[in-house]
Amino acid sequence: MALGSALVDYAVRLENAFKKLKAHRQFTKIEEKWLDRIEKYLVKEQFINHESFNTGAFKNEGGYEKINKSFKNQLDEIVDELKEYLCCLIVNCK
């Protein structure tokens, strides 16, 4: 953490990262529902990757392949972008 920067609660950082992601891209209603599920997952797990989508509730909903298809095969890019926003919120980058 940068010296002198305020500590920001993880849930707040997560919420802000999702807001930034949604402001940067246009998502369909189906994609929005998946994003809500991903956000709920991240509240509990605080980490997500390709394999995460083939476990638990995600697996029950069709796993990585189905979710990726819902995002027009851009799920990895979207998750990477989200991670970037989360990191930027930690170190206050623009």
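Points worth noting:
- Within segment 27-41, the residues that satisfy the criterion of being farther than 16 Å from Gln74 by Cβ and in contact (Cβ under 8 Å) with a residue 12 or more places away in the chain are Arg37, Glu39, Tyr41.
- Exclusive hit being among the aromatic types (Phe, Trp, Tyr) and under 22 Å from Gln26 (Cβ atoms), set Phe71, Phe58, Phe47: Phe71
- Number of residues in segment 44-70 that are outside any loop (DSSP other than H, G, I, E, B) and touching a Gly at 6+ places or on another chain (Cβ under 9 Å): the value is 4.
The numbers here are math on the coordinates, done by the rules we state, and not lab data. What you see is a predicted model; the values in this text were computed from it and never measured. When we count neighbours, we look across all protein chains shown, and the Cβ atoms used for this are built from the backbone with ideal geometry, even at glycine.
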